[in-house]
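S.K.: Got a structure for you, questions after.
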Amino acid sequence: MSTAWEEFEELIKAKMREVYSETAIDHGMNPRNVGEIQDADGFGKITGPCGDTMSIWIKIKDNTIIDAKFTTDGCGTSRASGSMATEIAKGKDLAEAQRISRQDILDGLGGLPEESEHCALLAANTLNESIKSFLTRQKSGNS
Ligand code: FES
């Protein structure tokens, strides 16, 4: 027999499914790649117009992103977006990773409500910033 709490949880999930895909709910509730990389090769941190901040750390080997992690103080959809952005980025070479767009993240998540699409843009921009920081360090000979 289910408890009142379990019934409440099911009700909430049913409501969420009306708005979000299963993938978006999964990445929002169980985000992948959360945390920092201590010896990261690239780092990006951006505060979006909504006031939420995302940080992304990347580890690079042979011009390929071999690890990516993120943190955010933002909403569930920003967690889902950071999770998807880092998942998509891993294994990509830098040129491919630089082309990861808001739309790629939205596609990966099975879409987001229009009012949350900017969360995917924040993740795409932060990822790009982390790659740029690596390239800048490389150019200046500090990597
Ligand atoms: Fe700000 Fe989602 S509302 S990143």
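The values are calculated or read from the model by the stated rules, or taken from the named source; none is laboratory data. Just so we're clear, the structure is a prediction, and the values are computed from it rather than from any experiment. Note: ideal-geometry Cβ built from the backbone for every residue, glycine included; neighbour counts use all protein chains shown. Surface accessibility is based on the protein's heavy atoms, side chains included, excluding ligands, DNA and RNA. Shrake-Rupley method; radii C 1.70, N 1.55, O 1.52, S 1.80 Å.
S.K.: Go through region 68-97 and report how many residues are within 11 Å of Asn33 (Cβ to Cβ) and more than 16 Å from the ligand (Cβ to nearest atom).
M.R.: 6
S.K.: Looking at region 109-123 only, could you name the residues that are surrounded by fewer than 21 Cβ atoms within 10 Å (Cβ to Cβ), under 11 Å from the mean Cα position of the chain (by Cα) and either of a type in the set (S, T, N, Q) or more than 9 Å from the ligand (Cβ to nearest atom) (or both)?
M.R.: Passing the criteria: none in range.
S.K.: Which residue out of Glu18, Glu36 is without any contact (Cβ under 8 Å) to a residue 60 or more places away in the chain and in a helix (DSSP H, G or I)?
M.R.: Only one candidate passes the filter, namely Glu18.
S.K.: So which of Ile65, Ile58, Ile100 is out of contact with any His (no Cβ under 9 Å at 6 or more places or on another chain), open to solvent by less than 20 Å² (accessible area, probe 1.4 Å), more than 16 Å from the ligand (Cβ to nearest atom) and part of a loop (DSSP other than H, G, I, E, B)?
M.R.: After applying the criteria, what remains is Ile100.
S.K.: Sticking with this structure for a sec: Taking into account only those residues within region 71-86 that are among the β-branched types (Val, Ile, Thr) and assigned to a helix (DSSP H, G or I), which is most open to solvent (accessible area, probe 1.4 Å)?
M.R.: Looking at the filtered set, the residue picked out is Thr77.
S.K.: I would also like to ask the following. Anything in region 52-67 that is among the acidic types (Asp, Glu) and under 15 Å from Gly35 (Cβ atoms)? List them, or say none.
M.R.: Filtering region 52-67 down to residues among the acidic types (Asp, Glu) leaves 52, 62, 67.
If the condition is that a residue be among the acidic types (Asp, Glu) and under 15 Å from Gly35 (Cβ atoms), then Asp67 is the only one that fits.
S.K.: Can you name the number of the only condition in (1) touching a residue at least 60 places away in the same chain (Cβ under 8 Å); (2) away from the ligand (no atom under 13 Å from the Cβ); (3) surrounded by 20 or more Cβ atoms within 10 Å (Cβ to Cβ) that Phe43 fails?
M.R.: All conditions pass for Phe43, except number (3).
S.K.: Kindly provide the set of residues from region 89-143 that are touching a strand residue (DSSP E or B) at 6+ places or on another chain (Cβ under 7 Å) and either hydroxyl-bearing (Ser, Thr, Tyr) or more than 22 Å from Ala40 (Cβ to Cβ) (or both), ordered by number.
M.R.: Of everything in region 89-143, those that are touching a strand residue (DSSP E or B) at 6+ places or on another chain (Cβ under 7 Å) and either hydroxyl-bearing (Ser, Thr, Tyr) or more than 22 Å from Ala40 (Cβ to Cβ) (or both) turn out to be Thr126, Ser130, Ser133.
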